[in-house]
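For reference, the structure is listed below as structure tokens.
The values are calculated or read from the model by the stated rules, or taken from the named source; none is laboratory data. None of these values were measured; they are calculated from a predicted model. Using ideal geometry, Cβ is built from the backbone for each residue, glycine included, and neighbour counts are taken over all protein chains shown.
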Amino acid sequence: MFTLRARIFVIISIVVFLVLATSIGLLWWGKKIPATISEEGGATTVDSAVNQPVVGGGIVPSATEGLVVKKPSSEAVEKNATKQLAKIFIERYGSYSTDSDYQNIKELQELVSSQLWADLSQRINTPMAGGFVGVTTRVIAATVSVWNKDKDATINLQVIQTEQRDGVESVLHKNVDVELIKTAGEWLVDKFKWVD
């Protein structure tokens with residue numbers, strides 16, 4: 001007769017074998033629907049009616065059949081880039097601890113204008129007083145509120161800040177306006193203001 005340990009081993013082996021066999025079967029018999037992609041006048045059309053299930057003698061159209069995907073304009077790409085720059089800036093600037101020796105500000109030099117860097121770099125030599133403080137800033141939404149494509153832009157960011165102060169954690173929701181300027185074809189953060 002089998003011992004209890006042997007029975008458990010046999011049952012587990014059978015279950016593992018069935019799961020493995022089912023996985024291999026799904027991989028073996030599962031078919032991907034081929035899609036044909038054609039470009040027409042700057043737009044991409046996806047047609048994947050090949051190998052669709054036949055119902056009542058006809059082909060059931062797929063969700064992607066005839067879907068037109070528009071390529072973003074260069075202005076939309078540039079707006080997105082400014083939003084990303086503002087997001088990176090405020091997440092780095094707003095995430096710090098008393099133990100980091102202003103590393104968050106030191107990492108910003110390449111992202112900001114010379115005027116803003118002059119203001120920020122003055123803070124580096126200021127000693128931090130008090131107990132431990134650690135802040136993590138995360139952007140949850142970004143919108144372009146001012147856009148002059150060859151000159152300047154303002155991005156409004158909604159952020160969540162999690163603060164650890166002497167063992168107590170608090171969460172704050174804030175808004176910040178980040179003003180960018182375009183200098184020699186490059187976007188740089190020039191000013192920022194926390195909004196109530």
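Computed quantities for the displayed model
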item: Single unsatisfied condition, D166 versus (1) free of Cβ contacts under 8 Å to residues at least 60 places away in the same chain; (2) on the phi < 0 side of the Ramachandran plot; (3) exposed (fewer than 13 other Cβ atoms within 10 Å of the Cβ); result: (2)
item: Filtered residues of segment 136-161 (kept if touching a Leu at 6+ places or on another chain (Cβ under 9 Å) and among the β-branched types (V, I, T)); result: V139, I140, T143, T154, I155, V159, I160
item: Near pairs, Cβ below 6 angstrom, 6+ apart or cross-chain, from segment 113-142 (within 16 Å of F192 (Cα to Cα) and assigned by TED's automatic domain parsing to the domain that holds V168) to any residue that is among the hydroxyl-bearing types (S, T, Y) and in a loop (DSSP other than H, G, I, E, B); result: T137/S95
